[in-house]
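The values are calculated or read from the model by the stated rules, or taken from the named source; none is laboratory data. Worth saying up front: this structure is predicted, and the values here are computed from it rather than measured. Ideal geometry is used to build each Cβ from the backbone, glycine not excepted, and the neighbour counts take in all protein chains shown. Please note that ligands, DNA and RNA were not included when accessible areas were found on the heavy atoms of the full protein model with its side chains. Shrake-Rupley method; radii C 1.70, N 1.55, O 1.52, S 1.80 Å.
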Amino acid sequence: MDIPSSPDLAQRLASLKARIAASAIQSGRAPSAVELVAVSKTHPAEAIQAVLAAGQFVFGENRVQEAQAKFPALRETFPQLQLHLIGGLQTNKARDAVRLADCIESLDRPRLADAIADAIQSLGRTPRLLVQVNVGDEPQKSGIPTAEADAFIEACQNRFGAALAGLMCIPPADGDPVPHFIWLANRARTHGLAVVSMGMSADFELAIAHGATHVRVGSALFGSRPQPPAA
Ligand SMILES: *Cc1c(COP(=O)(O)O)cnc(C)c1O
């Protein structure tokens, strides 16, 4: 895998931020109303450091262990760094996740809520939390099923209060993501939740047009990732 050079990464960051700002303005919002979460999974600390140096401080990782290996050292140099965990979270990783993350975007089942609540209690640290909804009800995907979403969101609001900040989704890879974006933004509005995390490299402009407050963009910034081995 090629690591893009620092000037390349700074350039890509600038053009990505310009596209995000243009989409925000087009949907009648301030550019600052849409936050970029730079998804750095699989990319080395040097690439993250180049993006930090270019002024991007919010990052997303999908594996706790990988985030643990890369981020504490970067945080020493860049204390304003914010780490979002965006991948499916095993219950036995909840404690490490609460210790490490500023935002956990993948709260998707009651047992994980229990584990996160225990960790918050014992560590005395409360990351922001997003409920991930499996908007396409796909069997292989993380996220609370749509039919259970309202009840689960309410239970999490009661339990975590304002720390439950919003909703996150990954629409099915095939097909039109727009109905899913509309659905998620609508559920967030109904529950009085401010954060709507949706949109990735291929569709973040559509997501912004339909109410995303956070877009999670990896390959459009860092370049392509090595393909995982076939399962
Ligand atoms: C990898 C990943 C992204 C970023 O995907 P790109 O297509 O590279 O922008 C966004 N969200 C989640 C949950 C991811 O795992």
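Observations on the model:
- Per the listing Pro145, Pro110, Pro127, the residue uniquely of a type outside the set (Asp, Glu) and open to solvent by less than 10 Å² (accessible area, probe 1.4 Å) is Pro127.
- Filtered residue count, region 24-57, keeping only those that are open to solvent by 10 Å² or more (accessible area, probe 1.4 Å), within 16 Å of the ligand (Cβ to nearest atom) and in a helix (DSSP H, G or I): 0
- Condition broken by Ala151, with the remaining ones in (1) in contact with a strand residue (DSSP E or B) (Cβ under 6 Å, 6 or more places away or on another chain); (2) open to solvent by 20 Å² or more (accessible area, probe 1.4 Å) satisfied: (1)
- The combined condition, being touching a strand residue (DSSP E or B) at 6+ places or on another chain (Cβ under 9 Å), within 14 Å of the ligand (Cβ to nearest atom) and modelled with pLDDT of 95 or more, is fulfilled by Val135.
- Residue within region 65-85 that is within 18 Å of Ile170 (Cβ to Cβ), modelled with pLDDT of 95 or more and either among the aromatic types (Phe, Trp, Tyr) or open to solvent by 10 Å² or more (accessible area, probe 1.4 Å) (or both) present: no
- In region 179-231, the residues that are near the ligand (Cβ under 9 Å from one of its atoms) and farther than 16 Å from Glu105 by Cα: Ser201, Ala202, Asp203, Phe204, Ser219, Ala220, Leu221, Phe222, Ser224, Arg225
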